[in-house]
Amino acid sequence: MSWIGVITDVGQQKINGAIGGTILTINSIKLGKGSVPQANMRSATDLNDYVTTGSLTSDLVQEGLKLRILATAYTSVYTLTEVGVYGRLSGESTDTLIALYQETGDGIAIPDSSTFPDFAYVLYALIASSNVSNITVTVDSSALVSHGELEDSLSDYVEIDQGVANAGKVMKVGNDGLLTPGSVGTQISITLDKDDWSGDTPTQTVTATGVTDSNNIIVGIGSVTQEQLEAISSAQLLCTAQGADSVTFTAFGGTPDIDLPVVIMIL
């Protein structure tokens, strides 16, 4: 999984034009499933095969403008291979393709929103330029959480002093509505065997004693080598189902070629 990116010829003209009182505003992100030959990326004026829009936030860094691009689950499955950054100069009425990024491998599998509503893929991209003082970004509010929204979400939780004796314990709600300290949960270490994946979109179901189809679990990465960490990232590994003493993992990025350690915490 590797991305390459360029400032397009038109994009460079816009950046060079952002001087004095002229502002270049980055307005939108487009996501697609096509590509153009690498030699033609600079001359591109639009995505090759547009699918949907992405969300955008940004930061100014020493090298230029750092973009955080968010791709969420779509109405249908597609493979993300191209990302376009669009903007316009002051006084212009339409956006143009400022920068183009393409995935050089098999692409990023974006699932359908009905099956995986919480899926999100984040790409960090850089528009490398010394002339960024006159570049602004229209931030997509859906990519941010306001302080008020955060407080509203946290208002469903009860803050209590657990005391030193109960530090590190999970506070559980009993049938009487009272909070009492419980255990920290059961931790299960599992190895996803490289030879046990199956299906066009590889899946693997493993034994996880104590898991049910409705209890709360946390899935994480075990103690890994650098090779295993890269393999987990490349495989786009997600826990996609749980059942009686079992959990199922899906590798949206392709079948891993090494064993992968994961950890499951039953709350």
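The values are calculated or read from the model by the stated rules, or taken from the named source; none is laboratory data. Bear in mind the structure is a predicted one, so any value in this text is a computation, not a measurement. Neighbour counts are summed over all protein chains in view; Cβ atoms, including those assigned to glycine, are modelled from backbone coordinates with ideal geometry.
Take the conditions of a type in the set (S, T, N, Q) and under 26 Å from Ser233 (Cα atoms) and apply them to Ser76. Does it pass? Considered against the rule, which asks whether it is of a type in the set (S, T, N, Q) and under 26 Å from Ser233 (Cα atoms), Ser76 comes out as yes. Scanning the stretch 92-109 for residues that are of a type outside the set (D, E, K, R) and either touching a residue at least 40 places away in the same chain (Cβ under 8 Å) or under 21 Å from Asn40 (Cβ atoms) (or both) returns Thr96, Leu97, Ile98, Ala99, Leu100, Tyr101, Gln102, Thr104, Gly105, Gly107, Ile108, Ala109. If the condition is being more than 12 Å from the chain's Cα centre (by Cα) and of a type in the set (Asp, Glu), then the stretch 94-120 contributes Asp95, Glu103, Asp106, Asp112.
With respect to (1) touching an Asp or Glu at 6+ places or on another chain (Cβ under 6 Å); (2) surrounded by 14 or more Cβ atoms within 10 Å (Cβ to Cβ); (3) modelled with pLDDT of 90 or more, the lone exception for Ser76 is condition (2). Summed over the stretch 1-26, the residues that are part of a strand (DSSP E or B) and under 12 Å from Gly91 (Cβ atoms) give a count of 2.
Within the stretch 85-95, the set of residues being closer than 15 Å to Thr136 by Cα and either not small (Gly, Ala, Ser) or not assigned by TED's automatic domain parsing to the domain that holds Asp46 (or both) comprises Val85, Tyr86, Arg88, Leu89, Glu92, Asp95. Being exposed (fewer than 15 other Cβ atoms within 10 Å of the Cβ) and within 23 Å of Val6 (Cα to Cα): is that true of Thr81 here? Answer is no for this residue.
Every residue, every condition in (1) part of a helix (DSSP H, G or I); (2) not hydrophobic (A, V, I, L, M, F, W, C), yes or no:
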site	(1), (2)
Val211	no, no
Ile218	no, no
Glu227	yes, yes
Ser233	yes, yes
Gln242	no, yes
Thr250	no, yes
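Considering the conditions (1) in contact with a Leu (Cβ under 9 Å, 6 or more places away or on another chain); (2) in a loop (DSSP other than H, G, I, E, B); (3) over 24 Å from Thr240 (Cα atoms); (4) modelled with pLDDT of 65 or more, Thr136 is excluded by exactly one of them, (2).
Is one or more of the residues making up the stretch 33-46 of a type in the set (Ser, Thr, Tyr) and assigned to a strand (DSSP E or B)? The answer is no; no qualifying residue exists.
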